[in-house]
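Q: Could you have a look at this structure, given as structure tokens, before my questions?
Only the coordinates and a few stated rules stand behind these numbers; no lab work does. Note that the structure is predicted; figures quoted are calculated from it, not measured. Because the Cβ atoms are built from the backbone with ideal geometry, glycine has one as well, and the counts that use them run over all protein chains shown.
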Amino acid sequence: MTIHYGLHGSRDDLLTEVTNMPREWYAVIDGAQVEDVDRKLASQRFVHTPLYFEGTDEVAIANGPFLVMVPDPSVAARLIALTADGPSPVFWSWAGGDKNFVQHLRRKAMMRIPPEDPAQRPAWDNVLFRHADANVLATTLEVLTPEQQASFIGRGKVISFYAPDALGLVVARRPIDLPKVERETISFTPQQYEQIEQNRVIRNRRRVMNYLRRTAEYLVSSWEDEKLYQEVCEAERLGLSYGLLSEHAHWLWAWLFVWTEREIAASSDIRSAITESGYDPDLMVDHLFDRTIEALRV
């Protein structure tokens, strides 16, 4: 699969890529990313259907993927606007008709990953494949073998989406030499799954970078992405050594790390307060962040 990444692409660029795809167009939107997505799609008169099987728990259906028909660019534009606060829908160019596409996506709802205990291998664990989440898909596509690419894309010609916390604008075009494969669940080798996990870590770091560019703009606006990435990595390393676990705590710690120009990292008092107070380190960082914000407002 030929995958093009546009790290600085915008949602406007996505609309252009979608309109350049061969017809027919479809979009897959993740209910976990857009609150009450079924009602919102219905109220705006999108033609859509849930991809989880009928009879599944209603909450699971609501938080799962929905297939949306995209007959023209105006519908694509409205879908992109609907997801403006997060990952875009995943747009497909598909040649096999609506019914076949629904069946294809439902078959790809699961994937097999290596069990955590190496002693259990070569057994597999079956888990949900959230391919409707653009950030998840971005970190998965690049590790697929040609056979896995063929299994995933099926009769698709192009997949386009915007993954703000991963690779930005992604356009994956079907190569002409993909092998023919049987309909099967994609199984990831331990090496592939390790790479996916590494991609996930990088994705999370990019999310922290985006957060810092929004909330500490005057400090980091002149920094290249490479420099900011290095600062985020160092803040993460130090945060882990302090026992920080939650994503929220790591985000706040990265902000404090950058805001103080690393001075906070040199403070033995801060380190002791976080690691030796007897309280949850995540809560201590939350408290430290609140105190800093209060001080800045004086």
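Q: Suppose only helical runs count, i.e. DSSP H with n ≥ 4. What mean residue ellipticity at 222 nm does that imply for the chain under -39500 (n - 2.57) per run, divided by all residues and rounded to the nearest 500 deg cm²/dmol?
A: Result for the chain: -14500 deg cm²/dmol, rounded to the nearest 500.
Q: Give me the Kirkwood hydrodynamic radius of region 159-298 in Å, from all C-alpha pairs, to one decimal place?
A: 17.5 Å
Q: Could you tell me the relative contact order of region 210-298? Use alpha-carbon pairs under 8 Å, at least six residues apart, and round to a whole percent.
A: Once divided by the residue count of region 210-298, the mean separation gives 27 percent.
Q: Kindly identify the chain as rounded, prolate or oblate by the Cα gyration tensor criterion: order the square roots of the eigenvalues as a ≥ b ≥ c, call it rounded if a/c is under 1.5, otherwise compare a/b with b/c, prolate if a/b is larger, else oblate.
A: Note, shape of the chain comes out prolate.
Q: Can I ask one more? Under 8 Å for C-alpha pairs, at least 6 residues apart: give me the relative contact order for the chain, rounded to a whole percent.
A: Across the chain, relative contact order equals 18 percent.
Q: Give me 215, 139 ranked fewest to most by other Cβ atoms within 10 Å of their Cβ, as a rough exposure proxy.
A: Arranged by neighbour count, lowest to highest, 215, 139 become 215, 139.
Q: Further question on the same structure: Each residue of region 281-294 in turn: what ³J(HN,Hα) in whole Hz from Karplus with 6.51, -1.76, 1.60 and θ = phi - 60°, glycine and Pro shown as x?
A: Calculated HN-Hα couplings, in order: x, 4, 5, 5, 5, 4, 5, 4, 5, 4, 5, 5, 4, 4 Hz.
Q: Another one. Please list, in chain and number order, the residues 5+ apart from residue 129 or on another chain whose amide H is under 5 Å from its amide H, with Hs placed from the backbone.
A: Answer set, sorted by chain and number: 110, 111.
Q: While we're on this one: Using Cβ contacts closer than 10 Å as the measure, can you line up 161, 289 from fewest to most?
A: Least crowded to most crowded, the residues run 289, 161.
Q: Show me the three semi-axes of the equivalent ellipsoid for region 79-182, from the C-alpha gyration tensor (sqrt of 5 times each eigenvalue), largest first, rounded to whole Å.
A: They are 24, 19, 13 Å, listed from largest to smallest.
Q: Fewest first, what order do 187, 88 take by the number of other Cβ atoms within 10 Å?
A: Placing the least packed residue first, the sequence is 187, 88.
Q: Over all distinct Cα pairs, what is the inverse of the mean 1/r for region 235-298, reported as the Kirkwood hydrodynamic radius in Å?
A: 11.6 Å
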